[in-house]
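Asks: Before I ask anything, let me first share the structure, which is written out below as structure tokens.
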Amino acid sequence: MSGDEPLVNQVESPEEMIALGAELAAGLVTGAVLALEGGLGAGKTHFTKGVAAGLGYRGEVTSPTFTLAHEYRGGRLPLFHFDFYRMDTEDEVLRIGWDEYLDEAGIVVVEWPDKFPGLLPPGTVWLKFALAGRGRTVSSAGS
């Protein structure tokens, strides 16, 4: 999901959002960072469920809104799922081990990355999630 022109996917159901995440996961390599930008209910967590499934993780995947970070291990690569929504400062993010997670051999997914874009490394893939009627759109302008 990179290049000069945005890639736009129309998604009509949670199952389709999960499938889109799983499809993207097939091409992910160690160190990939996905920044999921969009409002409440736009499909970010369902997409992350798909990424986890696509990496081979078979457990439950939930939003880290209140826990701030979740680790999903047991697949092809570990998945580290962050939510910056309730964080107020970059220092808070750093105190939960942000740099250490970036150094791990896994995939990092961040919801609400626009709160602290300066913490995201070069090469981060930004995906924008939006409500579109009864469905959703997922678009990428690259990294």
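Readers should treat all values here as calculations from the given coordinates under stated rules, not as data from a laboratory. In this text, all values refer to a predicted model and were calculated from it rather than measured experimentally. Counting neighbours? That spans all protein chains shown, and the Cβs are built from the backbone with ideal geometry, glycine included.
Asks: Read through the labelled values [x] 11.8; [y] 10.0; [z] 7.8 and report the label of the one computed as mean projected area of the Cα convex hull in nm² from the structure.
Replies: Answer by label: [z].
Asks: Treating the beta-carbon of each Lys and Arg as +1 and of each Asp and Glu as -1, no other charges, what is the dipole magnitude of segment 7-140 about its Cα centre, to the nearest 20 debye?
Replies: Using Cβ point charges on Lys, Arg, Asp and Glu, segment 7-140 gives about 440 debye.
Asks: Looking at the chain, which longest stretch skips every one of the trypsin sites (Lys or Arg not before Pro) that is in a DSSP loop with at most 13 other Cβ atoms within 10 Å, leaving the sites themselves out?
Replies: Answer - 1-57.
Asks: Is it possible to state the helix-based mean residue ellipticity at 222 nm for the chain, with each DSSP H run of 4+ residues giving -39500 (n - 2.57), the sum divided by total residues, to the nearest 500 deg cm²/dmol? What is it?
Replies: -7000 deg cm²/dmol
Asks: Another question, if that's okay. What relative contact order, as a whole-number percentage, does the chain give when Cα pairs under 8 Å and 6 or more residues apart are counted?
Replies: Result for the chain is 37 percent.
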